[in-house]
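In what follows, a structure is listed as structure tokens, so that the remarks can point back to it.
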């Protein structure tokens, strides 16, 4: 099985130390896609993913590699954007970006601040009750949004119907 990804005019790809580096006008995404039965090669205007052995498992992995590379090409053209919303009912909380962390103070009246990691290459913008996570790498942007949502949920012993406080993902990029 051989699959080809055509690159747009303003996007380039090259193989560097076993990883595929996809360069756009402003952004770069590096994907390390290694498997002994799958070859990934770059030309100046296309990327090819080819299986060395034909079976269901290697075809599945090759399609996964192709999907990751297509999303990287899309990401360097237009960033992926996740939108989150700060919801509080009992205690007004405040979110702000400090370095590579999102810091939330006064979550459920807690004296200690809660923190969520922001991965490299991802930008987080806080505006009132809305948080926007953007990045060229879909996996890193999605993981950052998940880190924020996971770290800002009420403890298990609180009734979720009463304590709705938290930060929740309200909009994800489309699954193209």
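The values are calculated or read from the model by the stated rules, or taken from the named source; none is laboratory data. Keep in mind the model is a prediction, meaning the values are calculated, not measured. Cβ atoms come from the backbone with ideal geometry, glycine included; neighbour counts cover every protein chain shown.
For the reader, a short list of remarks on this structure follows.
- Boolean, residue 81 is loosely packed, with under 13 Cβ neighbours inside 10 Å and under 22 Å from the mean Cα position of the chain (by Cα): no
- For the range 107-120, taking the residues that are surrounded by fewer than 14 Cβ atoms within 10 Å (Cβ to Cβ) and assigned to a loop (DSSP other than H, G, I, E, B), the one that is modelled with the lowest pLDDT is identified as 110.
- Boolean, residue 24 is surrounded by 12 or more Cβ atoms within 10 Å (Cβ to Cβ) and at pLDDT below 90: yes
- Residue match in the range 94-106 (condition: loosely packed, with under 12 Cβ neighbours inside 10 Å and either under 25 Å from the mean Cα position of the chain (by Cα) or at pLDDT 90 or above (or both)): yes
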